[in-house]
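The values are calculated or read from the model by the stated rules, or taken from the named source; none is laboratory data. Note that this is a predicted model, so its numbers are computed, not measured. For neighbour counting, all protein chains shown are included, and Cβ atoms are generated from backbone atoms with ideal geometry for every residue, glycine included.
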Amino acid sequence: MIDIVLVGGPSAEPQLWHIDAATAADSVKVPRLSGYEHFDPTGFDVELDGRHLPVYLWSFRTRAAE
């Protein structure tokens, strides 16, 4: 597992998220309320507490199937 930083979307504040290292190059789907927020890797990183973490930017939202 690695930590990433999620930016944009419904939350104005950046969030830390944990993902499987094998999927780090792919977009990330985060469950939220009755759907999913989708984030794409930016190729940039930020330094947080002495660690360099990859930044993912919000791209769109989908609703969960009923």
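List of remarks:
- Among (1) under 29 Å from A65 (Cβ atoms); (2) more than 12 Å from the chain's Cα centre (by Cα) - the single one D26 does not satisfy: (2)
- E47 being charged (D, E, K, R), crowded, with 16+ Cβ neighbours inside 10 Å and in a strand (DSSP E or B): no
- Scanning segment 46-57 for residues that are out of contact with any Asp or Glu (no Cβ under 7 Å at 6 or more places or on another chain), in contact (Cβ under 8 Å) with a residue 24 or more places away in the chain and not aliphatic (A, V, I, L, M) yields a single hit, R51.
- Lone unmet requirement of (1) assigned to a strand (DSSP E or B); (2) of a type outside the set (D, E); (3) modelled with pLDDT under 90 for A25: (1)
- Restricted to segment 4-44, and to residues there that are of a type in the set (A, V, I, L, M, F, W, C), in contact (Cβ under 8 Å) with a residue 12 or more places away in the chain and under 18 Å from R61 (Cα atoms), the residue that is surrounded by the fewest Cβ atoms within 10 Å (Cβ to Cβ) is W17.
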